[in-house]
Amino acid sequence: QKEVEQNSGPLSVPEGAIASLNCTYSDRGSQSFFWYRQYSGKSPELIMFIYSNGDKEDGRFTAQLNKASQYVSLLIRDSQPSDSATYLCAGVSGGYQKVTFGIGTKLQVIP
Amino acid sequence: DGGITQSPKYLFRKEGQNVTLSCEQNLNHDAMYWYRQDPGQGLRLIYYSQIVNDFQKGDIAEGYSVSREKKESFPLTVTSAQKNPTAFYLCASSTPERTGARPQYFGPGTRLTVL
């Protein structure tokens, strides 16, 4: 069973701090990874994707991928209350680009 | 505006009824997907389609059916055979990016409740 694992949280951080969201995966064949943000009652919104080892930055968001350790993370700098949401990690593998989603980590940014 | 639309937003079904959820996209994406989301669980793939007139079962296809007669449309029918259909249903589409990655973009979802 190919899995993507996340701590469901909640992860609480004060406003202005760095939020670190983590994800591990079991399928070594996974090629790329996506991070989605999902507000309560809404659909997931793509934030970033990463497919190479190392860091990828986009504004306040940085995705990190370590294929040797099978570990993906999302850092949110200068966290804002509007960042409070559930963050889904997803891994892609297989010929038809099968996507496996984690259960999501709930982030609470405290003003 | 380009995007993915789903209708209805809320749907109530009586026991024994079949219902059809609509999904339309104008992004010119080739692949489309249906997921269901239940509290405390990750998104689970129901069906996916890579091209018109072709679709494949996902992890939880029992009790569901789909069609892909047009590139833009991928409706999902929840049949009476689906034992526990109350869930949040999400449609997504994708196309290869320049990098080769294929991120999926989601519609707003349909919340189905069985009465």
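The values are calculated or read from the model by the stated rules, or taken from the named source; none is laboratory data. Because the structure is predicted, anything quoted here is derived from the model rather than measured. Heads up, the Cβs are rebuilt from the backbone with ideal geometry, glycines too, and the neighbour counts pull from every protein chain shown.
Results for (1) out of contact with any Lys or Arg (no Cβ under 9 Å at 6 or more places or on another chain); (2) surrounded by fewer than 21 Cβ atoms within 10 Å (Cβ to Cβ), shown as yes or no for each residue.
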site	(1), (2)
B:Thr5	yes, yes
B:Tyr10	no, yes
B:Gln25	no, no
B:Arg36	no, no
B:Leu76	yes, no
B:Leu90	no, no
B:Pro96	no, yes
Within region A:14-36, can you find the residues that are more than 16 Å from the chain's Cα centre (by Cα) and either among the aliphatic types (A, V, I, L, M) or assigned to a loop (DSSP other than H, G, I, E, B) (or both)?
A:Glu15, A:Gly16, A:Ala17, A:Asp27, A:Arg28, A:Gly29
Considering every residue within region B:74-87, establish whether at least one is at pLDDT 95 or above, part of a loop (DSSP other than H, G, I, E, B) and within 12 Å of the chain's Cα centre (by Cα).
yes
For region B:48-58, indicate whether the set of residues that are in contact (Cβ under 8 Å) with a residue 24 or more places away in the chain, touching a His at 6+ places or on another chain (Cβ under 9 Å) and within 14 Å of chain A (Cβ to nearest Cβ) is non-empty.
no
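Looking at this structure, is B:Leu45 at pLDDT below 95, outside any loop (DSSP other than H, G, I, E, B) and of a type in the set (A, V, I, L, M)?
Criteria met by B:Leu45.
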Taking only region A:37-47 into account, find how many residues are more than 8 Å from every other protein chain (Cβ to nearest Cβ) and in a strand (DSSP E or B).
3
Sort out for me the strands (runs of 3 or more DSSP E) sitting completely within region A:49-111 that have 2 or more residues that are more than 14 Å from every other protein chain (Cβ to nearest Cβ) and touching a residue at least 24 places away in the same chain (Cβ under 8 Å).
A:71-76, A:105-110
Hits in region A:22-31 (condition: under 27 Å from A:Ser82 (Cβ atoms) and surrounded by fewer than 22 Cβ atoms within 10 Å (Cβ to Cβ))
A:Asn22
What are the pairs, 6+ residues apart or on separate chains, where a residue within region A:32-48 that is more than 13 Å from A:Ser84 (Cβ to Cβ) has its Cβ under 7 Å from a residue that is of a type in the set (Asp, Glu)?
A:Tyr36/A:Glu45; A:Met48/A:Asp58
